[in-house]
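Participant: Got a structure here, written out as structure tokens. Questions coming.
The values are calculated or read from the model by the stated rules, or taken from the named source; none is laboratory data. Computed from a prediction, not measured in an experiment: that's the story for all the values here. Backbone-built Cβ (ideal geometry, glycine too); neighbour counts: all protein chains shown. Note: accessible area is taken over every heavy atom of the protein model, side chains too, but ligands, DNA and RNA are not part of it. Shrake-Rupley method; radii C 1.70, N 1.55, O 1.52, S 1.80 Å.
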Amino acid sequence: MSTPAGFDELIHPATRLSVVALLAATEWADFAFVRDSLSLSDSALSKQLHTLEEAGYLELRKEGGGRKRRTRVRLTDRGRAAFEGHVAALRAIVDGAGGPAAPAPADRPLPTKAAR
């Protein structure tokens, strides 16, 4: 089976896919919210955000200063389009993997005493 159009190797690893999926549901998110929501360490999240930012999929914004400094992150239009294309490609893979559906157990006739 060939890889469907829209499949994105950059987004596909589970951690990055989780980050992008979380960000797709919001406009901006605080670094701490993403970190805590995905149970990641600061360094693990920073590495993933950096990779996605280099690809142009994320925008990072640092606000405030000193101890009150916070980092906010959002998907760019390019990142949102890449995520939507990747999700569509995953759906195509899943849909293409199924052959004819087996009947559900309720659809199968029950054996009679003679057949047992």
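Participant: Using +1 on the beta carbon of Lys and Arg, -1 on that of Asp and Glu, and nothing else charged, what's the dipole of segment 1-44 about the Cα centre, debye to 20?
Facilitator: On the way: 2 positive and 6 negative charges, 23 e Å.
That gives segment 1-44 a dipole magnitude of about 120 debye.
Participant: Further question: Give me the distance in nm between label points sitting 7 Å out from Cα along the Cα-to-Cβ direction at ALA81 and LEU22, one decimal.
Facilitator: Spacing of the two 7 Å Cα→Cβ label points: 2.6 nm.
Participant: Zone of ARG72 (label point 7 Å along Cα→Cβ, backbone N under 20 Å): which residues in segment 6-44?
Facilitator: Label zone hits: 19-38.
Participant: Here's a follow-up. For segment 4-97, what is the Kirkwood estimate of the hydrodynamic radius, computed as the reciprocal of the mean inverse distance between distinct Cα atoms, to one decimal in Å?
Facilitator: Details: mean 1/r = 0.0727 Å⁻¹.
Taking every pair of different Cα atoms in segment 4-97, averaging 1/r and inverting gives 13.8 Å.
Participant: Right, something else. Which length gain, in nm to one decimal place, applies between ARG61 and ALA14 when the Cα-Cα distance is subtracted from 0.36 nm times their residue separation? Spell out each step's value before the answer.
Facilitator: Numbers: separation 47, 0.36 × 47 = 16.92 nm, distance 2.40 nm.
Contour length minus the Cα-Cα distance gives 14.5 nm.
Participant: Could you order ASP36, ASP30, ASP77 by accessible surface area, starting with the largest, using a probe radius of 1.4 Å?
Facilitator: Values: ASP36 95, ASP30 50, ASP77 130 Å².
Output order, biggest surface exposure first: ASP77, ASP36, ASP30.
Participant: Non-local amide H neighbours of THR76 (under 5 Å, H modeled in plane, Pro and chain starts lacking H): which ones?
Facilitator: Residues meeting the amide H criterion: LEU58, GLU59.
Participant: Would you please give the FRET efficiency between ASP36 and PHE7, computed as 1/(1 + (r/R0)^6) with r the Cβ-Cβ distance and R0 = 30 Å, to the nearest 0.05?
Facilitator: Numbers: r = 29 Å, r/R0 = 0.98.
So, using R0 = 30 Å, E works out to roughly 0.55.
Participant: Could you derive backbone 3J(HN,Hα) for segment 35-45 from the dihedral phi with the Karplus parameters 6.51, -1.76 and 1.60 (θ = phi - 60°), listing whole Hz in sequence and x where the residue is Gly or Pro?
Facilitator: Listing the rounded values in order: 4, 5, 5, 9, 6, 10, 7, 4, 5, 5, 5 Hz.
Participant: Excluding ligands and nucleic acids, what accessible area in Å² is computed for PHE7 using a 1.4 Å probe, to the nearest 10?
Facilitator: 50 Å²
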